[in-house]
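Contents: one structure, followed by commentary.
Quick note: the coordinates plus some simple rules give every number you see, no bench work behind them. These numbers come from a predicted model, not from an experiment. Cβ: placed from backbone, ideal geometry, glycine included. Neighbour counts: every protein chain shown.
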């Protein structure tokens, strides 16, 4: 069975509390990641709205921003280099332009921003991939233009793999507005036809459908990716969507079930959203410490 070998790094987020870590705490967390075999880290996004991971002159010209105080991109690259990990850089999400249908502005801003990123960090040895952070769940012609223009620009800046991590328009998140498995297949066949040769890796989030539906979604996602020449990873959510609060660490039994099903479907790699909050022995959530211990025991073949 596949093990988790990648994680998102989530410091610019919508709905997860800050852990207020500095360099020592991040170093300890990278050590903990390395101890369970994580070899890939993915910055979830370099900025959202006025919040940034570093003080960007490009975003600063576009809108008022809060000071970054600490260059998290430099910190994450340094830790990835120390631990022999690959780092995927996540793009900027305005939180407004693309949401309101101004796809051109989102694309133009990100292309300028990523040119700045390459000037600052493109030489770093750990910089091994791009992550387009704009999450979609169905075909959207405007977003296809953003992905098309941005992916071409990213590949010209630094020809490394490009990752996307979409979500399923499933019942847990959308209730009665969820789409069927057949409609999901039709929508994503259209998306991948547009993105063929532009995006290299797709890692569908695995938490929006019921657990009993998950095997079918994992299977069709892998088949769709293979049909259009993409690597298929699975983004195994290590937080729990089933609780009345947003969001606690998940149950070890759910984590292992999802890993088993992804392995059975034949995906290429398991990554998680997101180690540092929901699986780490250093997390602000005590249950994450226990999840880490149970997962390490499972990795060693011990009884849970």
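For the reader, a short list of remarks on this structure follows.
- Hits in the range 277-287 (condition: assigned to a helix (DSSP H, G or I) and either out of contact with any strand residue (DSSP E or B) (no Cβ under 7 Å at 6 or more places or on another chain) or without any contact (Cβ under 8 Å) to a residue 40 or more places away in the chain (or both)): 277, 286, 287
- Any hit, the range 59-71, residues being more than 29 Å from residue 31 (Cβ to Cβ) and within 20 Å of the chain's Cα centre (by Cα): no
- Residue in the range 144-153 that is under 19 Å from residue 53 (Cα atoms) and surrounded by fewer than 21 Cβ atoms within 10 Å (Cβ to Cβ) present: no
- Counting only residues that are assigned to a loop (DSSP other than H, G, I, E, B) and touching a strand residue (DSSP E or B) at 6+ places or on another chain (Cβ under 6 Å), the range 251-273 holds 2 of them.
- One residue from 268, 251, 216, 200 being more than 17 Å from the chain's Cα centre (by Cα) and more than 30 Å from residue 17 (Cβ to Cβ): 216
- Scanning the range 49-84 for residues that are crowded, with 19+ Cβ neighbours inside 10 Å and closer than 25 Å to residue 285 by Cα yields a total of 8.
- Scanning the range 87-106 for residues that are crowded, with 19+ Cβ neighbours inside 10 Å and either under 15 Å from residue 164 (Cβ atoms) or touching a strand residue (DSSP E or B) at 6+ places or on another chain (Cβ under 9 Å) (or both) yields 87, 88, 89, 90, 91, 92, 93, 94, 98, 106.
- Boolean, residue 219 is at negative phi, outside any helix (DSSP H, G or I), surrounded by fewer than 22 Cβ atoms within 10 Å (Cβ to Cβ) and touching a helix residue (DSSP H, G or I) at 6+ places or on another chain (Cβ under 7 Å): no
- Residues in the range 193-216 that are part of a helix (DSSP H, G or I) and buried (at least 21 other Cβ atoms within 10 Å of the Cβ): 195, 214.
- Residue 234 meets all of the listed conditions (1) free of Cβ contacts under 8 Å to residues at least 40 places away in the same chain; (2) under 18 Å from the mean Cα position of the chain (by Cα); (3) within 22 Å of residue 291 (Cα to Cα); (4) assigned to a helix (DSSP H, G or I) but one, namely (4).
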